[in-house]
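Trainee: Quick one: the structure is below, questions incoming.
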Amino acid sequence: MNAAELSNKLFATMIEADRSGAARIVEEALSDGMPPQQVIAEILDPAIVRLGKQWEEQTMSLAQNYVASKIAEDTLLRCIPKKDERSLNKGAVVIGNIEDDFHSLGRRSVGLFLEAAGWEVHDLGNDIPAEQFVEKAQEVGASVIGVSAMMQTTALNIRKVRELLDQRHLNGSIKLAVGGAVFNWRPELVAEVGGDGTAHNAVGADELFLRLRSETGGR
Ligand code: B12
């Protein structure tokens with residue numbers, strides 16, 4: 001079965017709330033030798049995009065969407081390599097969903113791809129206030145803060161991170177990456193919230209973070 005077919009199967013298990021069926025599909029792909037990043041990019045991501053479309057077309061309930069999202073999260077967790085299998089040599093970064101935002105799936109994908117690419121990722125989780133992002137970045141010596149927001153309203157909370165970085169004169173040493181579906185729909189929002197750059201998906205996050213790190217004077 002190719003990736004598109006497996007994605008269709010995974011989508012069906014998400015809609016039918018079939019958690020163990022979803023687990024079997026992922027285990028099968030991984031044990032056939034498909035790299036975890038490919039499982040995410042070609043099997044999981046397209047299934048979530050379809051989920052999003054159905055949600056927007058109002059052909060599913062919030063409860064159904066919620067269970068489907070949990071299954072997507074399980075799938076993502078199954079793809080995360082064990083800590084000791086990674087070599088983290090690109091330096092520290094901090095990621096999280098901005099205050100009031102609970103859309104964790106995209107952020108977790110980004111974290112996974114960054115770790116796989118060699119970054120030491122400090123993932124703060126959902127609903128993170130601006131102060132916490134900046135304080136953690138200072139504590140771990142991060143060159144980039146990556147903030148995820150899925151909704152127009154929550155994206156605007158990212159401005160507080162920008163303000164804090166500027167107030168503390170950290171704008172030269174810590175860069176602000178922003179992302180989430182709302183930035184893909186409205187690219188002008190990146191500048192509106194004071195972001196230094198964005199990537200449309202997790203696959204592009206490593207390149208973005210490398211560029212931003214180089215703007216801090218880091219190698
Ligand atoms: C799944 C989902 C949920 C799940 C989230 C589960 C979870 N654990 O994440 C649940 C059911 C909990 C949920 C709740 C809500 N949701 Co919702 N949700 C979605 C949905 C269907 C998919 C989002 C998703 O996971 N996409 C898949 C991931 C892989 O893609 P992604 O998030 O875009 O991330 C990729 C890129 O954007 C990028 N990226 C992401 N972050 C970052 C960060 C950086 C730094 C970089 C570089 C890149 C990057 O890389 C990621 C991986 O490739 C979207 C619809 C849609 N089309 O997006 C609505 C959507 C985002 N939700 C919406 C709404 C309104 C809500 C609720 C208010 C619903 C309600 N009435 O209760 C609540 C609010 C919760 C909150 N306060 O955050 C709206 C937002 C409208 C808007 N434009 O403001 C949307 C667009 C649906 C809609 N059209 O109504 N939701």
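The values are calculated or read from the model by the stated rules, or taken from the named source; none is laboratory data. Just so we're clear, the structure is a prediction, and the values are computed from it rather than from any experiment. Don't worry about glycine lacking a Cβ; one is built from the backbone with ideal geometry, like all the others, and counts go over all protein chains shown. Ligands, DNA and RNA are excluded from the accessible area calculation, which covers all protein heavy atoms including side chains. Shrake-Rupley method; radii C 1.70, N 1.55, O 1.52, S 1.80 Å.
Trainee: Starting from the Cα coordinates of the stretch 131-219, work out the convex hull volume and express it per residue in Å³. Mind showing how you got there, number by number?
Mentor: Working: hull volume 7.5 nm³, N = 89.
Value for the stretch 131-219: 85 Å³ per residue.
Trainee: Also: State, to one decimal in nm, how far the label point of HIS200 lies from the label point of GLN167, with both points 7 Å from Cα in the Cβ direction.
Mentor: Computed distance between label sites HIS200 and GLN167 equals 3.6 nm.
Trainee: With every protein chain kept in place and ligands, DNA and RNA left out, what is the accessible area per residue of the stretch 84-215? Probe 1.4 Å, answer in Å².
Mentor: Spelled out: the 1.4 Å probe surface of the stretch 84-215, per residue, equals 43 Å².
Trainee: Starting from 0.36 nm per residue, how many nanometres of slack lie between ARG211 and ASP100 once their C-alpha separation is accounted for?
Mentor: Stretched out fully, the ARG211 to ASP100 stretch lengthens by 37.1 nm.
Trainee: Rounded to the nearest 20 Debye, what is the dipole magnitude of the stretch 84-215 about its Cα centre when Lys and Arg each give +1 and Asp and Glu each give -1 at the C-beta? Numbers along the way, then the final one.
Mentor: Details: 13 positive and 20 negative charges, 49 e Å.
In total the dipole reaches around 240 debye.
Trainee: Can you give me the % of accessible surface on the chain that is carbon or sulfur? Probe 1.4 Å, all protein chains present, nothing else counted.
Mentor: In the chain, the share of accessible area belonging to carbon and sulfur is 51 percent.
Trainee: Cα convex hull of the stretch 3-79: mean projected area in nm², to one decimal?
Mentor: Mean projected area for the stretch 3-79: 4.2 nm², to one decimal.
Trainee: Given the options ILE43, ILE95, GLN138, identify the residue whose Cα lies farthest towards the positive end of the charge dipole of the chain (+1 on Cβ of Lys, Arg; -1 on Cβ of Asp, Glu).
Mentor: Among ILE43, ILE95, GLN138, the one farthest towards the positive end of the dipole of the chain is GLN138.
Trainee: Taking only DSSP H segments of four or more residues, each worth -39500 (n - 2.57), what value at 222 nm results for the chain once the sum is divided by all its residues, to the nearest 500 deg cm²/dmol?
Mentor: Result for the chain, helices only: -15500 deg cm²/dmol.
Trainee: Next question. For the stretch 3-79, what does the accessible surface come to per residue with a 1.4 Å probe? Please give it in Å². Display every interim value, and only then the final one.
Mentor: On the way: 4030 Å² over 77 residues.
On a per-residue basis, 52 Å².
Trainee: I would also like to ask the following. Work out how far the C-alpha atoms of the chain reach from end to end along every principal axis, then list the three figures in whole Å, largest first.
Mentor: 51, 39, 23 Å, listed from the longest principal axis down.
Trainee: Could you work out the longest stretch of the chain that avoids the GluC sites (Glu not before Pro) located in DSSP loops with at most 16 other Cβ atoms within 10 Å? Spell out each step's value before the answer.
Mentor: Working: sites that count: GLU16, GLU57, GLU188.
Answer from the scan: 58-187.
Trainee: Accessible surface of HIS169 in the full protein assembly, 1.4 angstrom probe, to the nearest 10 Å²?
Mentor: Estimated to the nearest 10 Å², HIS169 gives 150 Å².
Trainee: Run down the aspartates and glutamates and flag those whose C-alpha is under 19 Å from the C-alpha of LYS53, throwing out any fewer than 8 positions away in its chain.
Mentor: Partners found: GLU5, GLU16, GLU42, ASP45, GLU73.
Trainee: By how many degrees, 0 to 90 and rounded to 10, does the Cα axis of helix 19-31 deviate from the longest principal axis of the chain?
Mentor: Helix 19-31 and the main axis of the chain meet at about 80 degrees.
Trainee: Now a separate question. Place a +1 charge on the Cβ of each Lys and Arg in the stretch 3-79 and a -1 charge on the Cβ of each Asp and Glu, then give the dipole magnitude about the Cα centre in debye, rounded to the nearest 20.
Mentor: Roughly 140 debye, rounded to the nearest 20.
Trainee: How much net charge surrounds GLU27 when only the other residues with a Cβ under 12 Å from the Cβ of GLU27 are counted, with Lys and Arg +1 and Asp and Glu -1?
Mentor: Around GLU27, the charge tally is -1.
Trainee: Taking the Cβ of MET150 as the center, what net charge do the other residues with Cβ under 14 Å away carry, scoring Lys and Arg +1 and Asp and Glu -1? Write out the running numbers ahead of the final one.
Mentor: Numbers: positive: ARG107, ARG108, ARG186; negative: GLU56, GLU99, ASP100, ASP101, ASP127.
Result for the local shell: -2.
Trainee: Farthest toward the dipole's positive end in the chain, which of SER69, VAL193, GLY180, given Cβ charges of +1 (Lys, Arg) and -1 (Asp, Glu) about the Cα centre?
Mentor: VAL193
Trainee: Still on this model: Once both labels are modelled 7 Å past Cα along the beta-carbon direction, what's the ARG78-GLN138 spacing in nm?
Mentor: Here the answer is 4.3 nm between the modelled labels.
Trainee: Please give the FRET efficiency for GLU131 paired with GLN38, using the beta carbon to beta carbon distance and R0 = 41 Å, rounded to the nearest 0.05.
Mentor: Details: r = 37 Å, r/R0 = 0.91.
About 0.65, to the nearest 0.05.
Trainee: All other residues with a Cβ under 9 Å from the Cβ of ARG108 taken together, and with Lys, Arg as +1 and Asp, Glu as -1, what is their net charge?
Mentor: Combined, the nearby Lys, Arg, Asp and Glu give -1.
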